[in-house]
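The values are calculated or read from the model by the stated rules, or taken from the named source; none is laboratory data. What you are looking at is a predicted structure, and each value in this text was computed from that prediction instead of being measured. Ligands, DNA and RNA are stripped out before the accessible areas are found, and what is left, the full protein with its side chains, is counted by its heavy atoms. Shrake-Rupley method; radii C 1.70, N 1.55, O 1.52, S 1.80 Å.
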Amino acid sequence: MKVLIVFALALAYASGSALRSHWEIQPRNVYAPVLEGPGGRITNGHDARADQFPYQAGLSLKIGSSSAWCGGSLIGHEWILTAAHCTDGVDSVDVHLGSTDRNTPKVKHSVSKDHIIIHEGWNSRTLLNDISLIRIPHVDYSDAIRAVDLPREESHYSSYVDDEVIASGWGRTSDSSSGVAAHLQYAHMKIISNTSCMKTYGTTIRSSNICVSTPAAVSTCNGDSGGPLVLASNKVQIGLTSFGSSAGCEKELPAAFTRVTSYLDWIKHHTDI
């Protein structure tokens, strides 16, 4: 039986109660205090070492009197790549760079919504075109802060099926944890075919998605939205965290990402990268 309900991986805090949508699919948002998660993992991942993921960005998103937490990746001196469902409707963003500790970034920039570019085809009901860009003031590269490599144009038709990948973020470390992690987490995963992923999510999965299997409950979770999925072999970013099953992060159901190769022209158009 297909699991039709999916949820995205942002984590927000506002009312203190969990968000429930009437949609068949919805972003992996949970309205709850953004507290430090228990000493765990990105659901059964590992603590990141200093400078291991210099492209990782943390995003504290301001929405009226509320806030939300997402991930992102530095793709150039002035550009962050993240998910559209993270930035849709926000007023401003604090961008954290250069540290595995969520609360002590080496560089922090605050930008208004005028610096956010959401894909013009973004559909919040279906999660189609779940990708956006944030322009920040120029940052210098160092061991702690460096842009991730994007795929080459000739990789446009690569399926990446069975390739090993790494996801990273400060998202919840278990289905029972009360908030996002204090320390950056990462996990090794394997790409599965979109056909296999559709057995769980049906036509929610399109060619612009890429999916991973989550055996042993190793998965992305709430708060990881927008964060990078890179090839383990060369750290090229091929995905960004989008959604998973509403049954939970530890149910061994596929996790879905926005496929970066589907948006290389869009990224280049707006950033010249």
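Expressed as a whole percent, the accessible area of the range 86-174 that falls on carbon and sulfur atoms is 42 (1.4 Å probe).
For ASN222, nonlocal amide neighbours, meaning residues 5 or more places apart or on other chains whose placed amide H falls under 5 Å from its own, are ARG172.
Between SER262 and ALA232, the contour length at 0.36 nm per residue exceeds the alpha carbon distance by 8.8 nm.
Across the protein chains, with a 1.4 Å probe defining accessible surface, the residues SER213, SER246 rank SER246, SER213 from largest area downward. For the range 120-273, the extents of the C-alpha atoms along the principal axes are 39, 35, 32 Å, listed from largest to smallest. Applied to the range 176-187, the Karplus parametrisation 6.51 cos²θ - 1.76 cosθ + 1.60 on θ = phi - 60° returns per-residue 3J(HN,Hα) values of 9, 5, 8, x, 6, 7, 7, 10, 4, 10, 8, 8 Hz, with x for Gly and Pro. Applying the Karplus relation 6.51 cos²θ - 1.76 cosθ + 1.60 with θ = phi - 60° to the range 264-272 yields 3J(HN,Hα) values of 4, 5, 5, 4, 5, 4, 8, 10, 6 Hz, where x marks Gly and Pro. Database remark: amide H of GLY239 closer than 5 angstrom to the amide H of LEU229, VAL260 (H placed geometrically; neighbours at sequence offset of 5 or more, or on other chains; Pro and chain starts carry no H).
Listed here are the pairs LYS62/LYS190; LYS199/LYS235; LYS62/LYS268; LYS113/LYS268; LYS106/LYS235; LYS113/LYS199; which of them are more than 32 Å apart at the Cα? Cα-Cα > 32 Å for LYS62/LYS190; LYS113/LYS199; rest within. The gain in end-to-end length when the ARG206 to LYS113 segment is fully stretched comes to 30.6 nm, 0.36 nm per residue minus the alpha carbon separation. Can you list residues whose amide H is under 5 Å from ILE136's amide H, if they're 5+ apart or on another chain and H is modeled 1.01 Å from N? Close amide H contacts, sequence-distant or interchain: TRP79, ILE80.
Mind jotting down the distance between the C-alpha centroids of the range 181-222 and the range 87-104, whole Å? Each part's Cα centre sits 23 Å from the other's.
Solvent-accessible surface (1.4 Å probe) assigned to ARG49 amounts to roughly 150 Å².
Phi angles of the range 250-256 translate, via the Karplus equation with coefficients 6.51, -1.76, 1.60 and θ = phi - 60°, into HN-Hα couplings of 10, 8, 6, 9, x, 10, 10 Hz per residue; Gly and Pro are given as x.
One decimal place: the segment ASP91-SER158 gains 20.5 nm when fully extended, by the rule 0.36 nm per residue minus the C-alpha distance.
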